[in-house]
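First up is the structure itself, then whatever we jot down about it.
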Amino acid sequence: MRLPSAAKISAFAQSASDALDLPLPETYRPGVEANLSVAFRLSAHFLDSDLGDEAEPAPVFHAMSGSSRQEQP
Amino acid sequence: MSRPITAYAAYELASIFARGDISALEITRAHLAAIAERNADVGAYTAITAERALKTAAQLDDKRASGEALPPLAGAPFAVKNLIDIAGVTTLAGSRINRDHAPASVDAPVIRRLEAAGAILLGALNMGEYAYDFTGRNCHDGNAHNPHDLARMSGGSSGGSGAAAAAGLAAITLGSDTNGSIRVPASLCGLFGLKATYGAIPRSGTFPFVASFDHIGPLARSVRDLALSFDAMAGLDSDDPVSIAAPNQPVTATLEDGISGLRIARLGGYFARMGSPEAFAAVDVVARGLRVTETLEWPEVEAARAAAFIITMTEGAALHLDRLKTRAADFDPEVRDRLLAGAMLPGVWAVQAQKFRRHFRAKVLELFRHHDAFIAPATPTTAPLVDQKTFMLDGQELPVRANLGLFTQPISFIGLPVVAVPCRAANGLPIGVQIITAPGREDTALRLARTLERDGIAHSGVAGT
């Protein structure tokens with residue numbers, strides 16, 4: 001996965017802020033964009049892992065109440 | 001008594017109390033006096049439940065006088081991170097926002113269980129805002145400081161828990177650990193800390209952070225205190241959906257069994273990089289003490305830490321979404337910006353991270369088929385200065401706040417039990433080592449920790465004594 005440029009991250013943050021109604025005044029922007037950069041960089045470590053179509057995310061939900069205790073994440 | 005009352009471990013106080021050499025009221029008053037004298041320096045407590053503590057102590061004294069059987073922690077003072085509900089106290093979770101909440105109406109189960117074991121609640125402890133912290137700093141309630149060097153950080157997010165136990169302001173403290181928040185302050189403050197198997201100690205009645213990773217657990221100056229606390233608190237609670245049954249026998253039963261027959265390896269690879277010489281020297285000492293000769297690498301640890309990071313950002317953001325939209329200005333800016341970024345991340349990342357979590361758990365549990373325990377550093381360095389923003393690891397300048405937990409995060413990612421044991425670095429400061437065991441095997445981790453303590457390799461005590 002190619003890491004986006006700083007400009008793309010900035011644009012992403014603005015778009016997300018607008019679409020999701022999240023506050024993003026100028027004073028917040030450096031910190032938010034820095035954290036987004038870290039997240040993009042880190043996610044590359046596992047996003048391309050080929051876990052197979054049958055891989056279940058943890059935790060697994062059980063329809064019966066109480067049975068979810070049997071499942072360890 | 002040969003030492004100040006506040007220097008005794010919980011099990012020692014319980015023994016002295018049971019013998020009749022001291023009253024519970026004396027123990028409690030001594031700790032309350034110590035808090036009054038030292039709390040301003042170490043920034044440990046945010047609320048002191050003095051009246052309740054004295055009342056509980058008086059009841060214990062009456063119980064002893066009447067000849068009733070005393071529970072195992074009778075007379076031992078404890079305090080809890082301020083995300084744990086105390087009846088009549090507002091559950092701050094280190095925040096300004098939660099100050100507007102009504103006080104908790106009932107105690108969290110962990111408090112009820114420790115009190116049933118005879119322990120005496122002293123109050124609520126400082127923490128990093130909403131537990132999204134490894135430093136012990138808090139911009140609303142003041143920073144927790146390391147009792148071994150007040151200019152240094154306590155570690156977090158259970159900063160007050162570390163500071164209080166290390167300063168002798170409680171015999172046992174409770175913290176929470178999502179990515180390392182018990183183990184980091186235990187390491188930096190020279191304490192034993194237990195992050196048990198995910199679900200082993202109920203989280204009901206606590207303000208959450210990341211439901212996938214949150215654990216509640218004890219910090220103390222002795223292994224026996226961790227074991228007694230775990231035995232008191234572990235077990236099912238219907239209000240915690242991940243809660244699991246307690247072990248079939250108390251972990252205290254095998255505490256003195258030694259290390260014979262246990263297969264232990266040192267973790268290399270990821271866990272042998274990005275640490276200071278002090279961190280690896282501590283692991284060397286523990287390895288010698290446990291007669292460890294094998295070094296082994298876990299696969300894909302970098303990816304595990306990354307996935308834990310993403311799940312933390314997204315679940316944390318989901319928890320605080322309304323608050324981010326309506327009260328963003330009331331957050332610690334560093335917490336706020338991380339949570340806002342988390343709210344923007346694609347949901348598919350969180351799902352893939354959770355899939356990877358199951359995959360990583362399978363890989364690691366396979367290694368436990370041939371090993372009983374692994375050892376690794378707890379923190380990459382000894383305690384940084386309180387306001388230190390960056391440190392050097394392997395020639396790279398990295399933010400302290402995000403990287404103090406780089407060795408703890410991949411392990412709590414899959415809910416394994418860990419005991420952090422305190423060693424002493426060449427610079428005179430404490431630094432911890434993690435003993436990691438298979439799910440449900442707190443007994444083995446504690447047994448190994450006890451061996452190190454008994455042999456003088458891991459040592460804790462009130463700072464400055």
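Tabulated data for the structure shown
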| read-out | value |
| --- | --- |
| Verdict on A:L24 being outside any loop (DSSP other than H, G, I, E, B) and in contact with a helix residue (DSSP H, G or I) (Cβ under 7 Å, 6 or more places away or on another chain) | no |
| Yes/no for B:T252 being open to solvent by 60 Å² or more (accessible area, probe 1.4 Å) and either modelled with pLDDT of 95 or more or under 27 Å from B:N403 (Cα atoms) (or both) | no |
| Residue pairs meeting the criteria (Cβ under 6 Å; at least 6 apart or on separate chains; first under 15 Å from B:I436 (Cβ atoms), in segment B:273-300; second basic (K, R) and surrounded by 18 or more Cβ atoms within 10 Å (Cβ to Cβ)) | B:A287/B:R266; B:V292/B:R266; B:T295/B:R266 |
| Subset of segment A:26-56 [at the interface with chain B (Cβ under 8 Å from one of its Cβ atoms) and either touching a Cys at 6+ places or on another chain (Cβ under 9 Å) or farther than 24 Å from B:L340 by Cα (or both)] | A:S49, A:L51, A:A55, A:E56 |
| Test set (1) over 14 Å from B:R450 (Cα atoms); (2) surrounded by fewer than 19 Cβ atoms within 10 Å (Cβ to Cβ) - B:S260 fails condition number | (1) |
| Test: residue in segment B:221-229 that is more than 22 Å from B:A44 (Cα to Cα), under 13 Å from the mean Cα position of the chain (by Cα) and either within 13 Å of chain A (Cβ to nearest Cβ) or crowded, with 24+ Cβ neighbours inside 10 Å (or both) | no |
| Looking only at segment B:239-254, and only at residues there that are over 20 Å from the mean Cα position of the chain (by Cα) and within 13 Å of another protein chain (Cβ to nearest Cβ), the one that is nearest to B:T197 (Cα to Cα) | B:A245 |
| Filtered residue count, segment B:42-71, keeping only those that are open to solvent by less than 80 Å² (accessible area, probe 1.4 Å) and either touching a helix residue (DSSP H, G or I) at 6+ places or on another chain (Cβ under 6 Å) or touching a residue at least 12 places away in the same chain (Cβ under 8 Å) (or both) | 19 |
| Hits in segment B:333-350 - residues which are in a helix (DSSP H, G or I) and at the interface with chain A (Cβ under 8 Å from one of its Cβ atoms) | B:P333, B:E334, B:R336, B:D337, B:R338, B:L340, B:A341, B:G342, B:A343, B:M344, B:W349 |
| Close pairs from segment A:1-20: first open to solvent by less than 60 Å² (accessible area, probe 1.4 Å), partner outside any helix (DSSP H, G or I), Cβ under 7 Å, at least 6 apart | A:A13/A:L24; A:A16/A:L22; A:S17/A:L24 |
| Matching entry among B:F356, B:F360 (being farther than 24 Å from A:S10 by Cβ, free of Cβ contacts under 8 Å to residues at least 60 places away in the same chain, among the aromatic types (F, W, Y) and part of a helix (DSSP H, G or I)) | B:F356 |
| Count - residues of segment B:91-127 that are assigned to a loop (DSSP other than H, G, I, E, B), open to solvent by 10 Å² or more (accessible area, probe 1.4 Å), in contact (Cβ under 8 Å) with a residue 24 or more places away in the chain and more than 17 Å from B:G217 (Cα to Cα) | 4 |
| Scan of segment B:426-460 for residues that are part of a loop (DSSP other than H, G, I, E, B) and in contact with a Pro (Cβ under 9 Å, 6 or more places away or on another chain), ordered by number | B:A426, B:A438, B:P439, B:G440, B:R441, B:A458, B:H459, B:S460 |
| Test for B:G142: is it part of a loop (DSSP other than H, G, I, E, B), open to solvent by 10 Å² or more (accessible area, probe 1.4 Å) and in contact with a Gly (Cβ under 7 Å, 6 or more places away or on another chain) | yes |
| Residues being open to solvent by 10 Å² or more (accessible area, probe 1.4 Å), more than 14 Å from chain A (Cβ to nearest Cβ) and of a type outside the set (G, A, S) - total across segment B:180-208 | 3 |
| Subset of segment B:351-378 [open to solvent by 40 Å² or more (accessible area, probe 1.4 Å) and facing another protein chain (nearest Cβ under 9 Å)] | B:V351, B:K355, B:R358, B:H359, B:R361 |
| Qualifying residue in segment B:277-288 (condition: part of a helix (DSSP H, G or I), over 22 Å from B:P384 (Cα atoms), at the interface with another protein chain (Cβ under 9 Å from one of its Cβ atoms) and open to solvent by 10 Å² or more (accessible area, probe 1.4 Å)) | no |
| Scope segment B:300-313; condition part of a helix (DSSP H, G or I) and within 9 Å of chain A (Cβ to nearest Cβ); matching residues | B:E302, B:A303, B:A304, B:R305, B:A306, B:A307, B:F309, B:I310, B:M313 |
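The values are calculated or read from the model by the stated rules, or taken from the named source; none is laboratory data. Values in this document were obtained by computation on a predicted structure and should not be read as measured data. As a convention, Cβ positions derive from the backbone with ideal geometry for all residues, glycine included, and neighbour counts pool all protein chains shown. SASA here: full protein model, heavy atoms, side chains in, ligands and nucleic acids out. Shrake-Rupley method; radii C 1.70, N 1.55, O 1.52, S 1.80 Å.
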